[in-house]
1. What value, in deg cm²/dmol to 500, does the helix sum -39500 (n - 2.57) over DSSP H runs of n ≥ 4 give at 222 nm once divided by the residues of the chain?
2. Which FRET efficiency, nearest 0.05, do Phe90 and Phe36 yield, Cβ-Cβ r, R0 25 Å?
3. I'd like to know which of Thr73, Phe98, Ser51 lies farthest towards the positive end of the charge dipole of the chain, counting +1 on Cβ of Lys and Arg and -1 on Cβ of Asp and Glu.
4. Would you please give the FRET efficiency between Met9 and Ile117, computed as 1/(1 + (r/R0)^6) with r the Cβ-Cβ distance and R0 = 41 Å, to the nearest 0.05?
5. What full-extension length gain, to one decimal in nm, is calculated for Ala19 and Ala43 as 0.36 nm per residue of separation minus the Cα-Cα distance?
6. Please work out how much length the chain gains when fully extended from Leu72 to Leu131, using 0.36 nm per residue of separation minus the C-alpha to C-alpha distance, in nm with one decimal.
7. Residues with amide H under 5 Å of Val50's amide H, sequence separation 5 or more or different chain, H placed in the peptide plane at 1.01 Å from N; which?
8. Among Gly40, Gly112, Ala26, which residue has its Cα furthest toward the positive end of the charge dipole of the chain, with +1 on Lys/Arg Cβ and -1 on Asp/Glu Cβ?
Amino acid sequence: MLADLVRPMAGAPLVRWLALLMLCAAYLQGGLVKAFDFPGAIAEMKHFGVSPAAPMAVMAIALELGASLLILTGKYRWLGALSLAGFTLFATFLANRFWDIAPPVRAMAMNGFFEHIGLCGGFLLVAWHDLNDRQPKGLSS
């Protein structure tokens, strides 16, 4: 009964799109910041030992912005979501290696690690829903 009261608002297409925008917000922000401060993007790549730094920074910008746009436009949403899930998982193991950090900073890095794992789960759900919504009728999974 409560779900029937909430469904008209929470199930609205605008709410779905805003939720997708919120899920992509860090990647839109990150891609734009890297694009407008390319020397900073290169420095970030070097900080994390990613080489060659400049081409990898370009790839990160293209991935963060391009995959976010796929998700937000609905064109190959599943591909954008899987791309950001993979990117996030890779970046999490690169940047949030809490097991290598001494306390008390370890707790913050651990929180960041598991928050990013949660983002991966969110993107996997987006891909799952998109692929299942587009599944041809009459086929079972």
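1. One gets -27000 deg cm²/dmol as the mean residue ellipticity at 222 nm.
2. Taking R0 as 25 Å, the efficiency between Phe90 and Phe36 is 0.60.
3. Result: Thr73.
4. For Met9 and Ile117, the calculated efficiency is 0.90.
5. 5.5 nm
6. Fully extending the segment from Leu72 to Leu131 adds 19.7 nm.
7. Result for Val50 returns nothing.
8. Projecting each Cα onto the dipole axis, the largest value belongs to Ala26.
The numbers here are math on the coordinates, done by the rules we state, and not lab data. These numbers were taken from a predicted model, which means no experiment stands behind them. Every residue, glycine among them, receives a Cβ derived from its backbone with ideal geometry; neighbour counts consider all protein chains shown.
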